Amino acid sequence: GTNVLDLVQQPLGFRSFNIDPDQGFFLNGHPYDLHGTAFHQDGINRGWAIGQAEREKNFALLQELGATALRLSHYEHAEPTYDLADRDGIILWTEIPVINSITDDPTFLENAKQQLIELVHQRYNHPAIVCWGIFNEVTLIKGPQTTNVVSQLASLAAELDSTRPSTCAIAGGDDQPSNWYSKVSA
């Protein structure tokens with residue numbers, strides 16, 4: 001009929017980026033220095049019960065620091081955080097909560113895949129996001145081989161969004177096989 005039942009409005013931003021192993025990060029064709037911090041969505045005496053005022057204060061601090069990049073650690077963050085990064089031109093690394101270790105239980109992998117699907121589908125239109133984090137230091141706690149889970153998550157990230165690379169936070173140096181699965185998509 002003529003009644004509006006639902007309405008979604010999203011700001012629109014365009015940008016291009018590329019990562020060169022020798023020359024670094026480029027934003028819209030120009031070298032762009034990335035420096036910033038990791039970020040959790042909590043506040044003193046509030047835990048996760050922060051509101052827009054706390055988010056605005058946090059982003060004001062990022063501006064004061066001169067930050068150009070932000071890693072959203074280690075889980076899905078609230079929508080207003082992504083909106084503020086878009087508004088302020090902060091480059092984002094966002095990630096799913098695959099942290100410290102994995103299990104070889106198939107439900108672990110399915111849950112991690114579902115969280116990655118939801119992250120990409122919900123946040124795809126945010127121009128601030130430059131990479132999808134697929135794990136954080138999964139070899140910190142001894143457990144099963146990580147390459148099966150990590151390789152499937154990296155492949156899924158590339159399938160869901162061929163315009164952004166997947167990435168990871170590592171522990172244990174370059175000798176960990178799982179560290180080599182995150183990739184720049186074609």
In bins 10 Å wide, starting from 0, what share of all Cα pairs of segment 46-146 does each bin hold, as a percent? 14, 41, 30, 13, 1
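For the chain, what does the helix formula give at 222 nm: sum of -39500 (n - 2.57) over DSSP H segments with n ≥ 4, over the residue count, nearest 500 deg cm²/dmol?
Working: 4 runs with 56 residues, N = 186.
Estimated from H runs of four or more residues: -9500 deg cm²/dmol.
Can you pull the Kirkwood radius for the chain, inverse mean 1/r over Cα pairs, to one decimal in Å?
Details: mean 1/r = 0.0565 Å⁻¹.
In the chain this quantity evaluates to 17.7 Å.
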Angle in degrees between helix 147-160 and the longest Cα principal axis of the chain, rounded to the nearest 10: 30 degrees
Determine which residues of segment 111-139 fall in the zone a paramagnetic label at L12 would reach in this model, i.e. backbone nitrogen under 20 Å from the point 7 Å along Cα→Cβ. 122-129
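We did not get these values from a lab; they are worked out from the coordinates using the rules stated. It should be emphasised that the depicted structure is a prediction, and the values quoted were computed from it without experimental measurement. Reconstructed Cβ throughout: ideal geometry from the backbone, glycine too, with neighbour counts over all protein chains shown.
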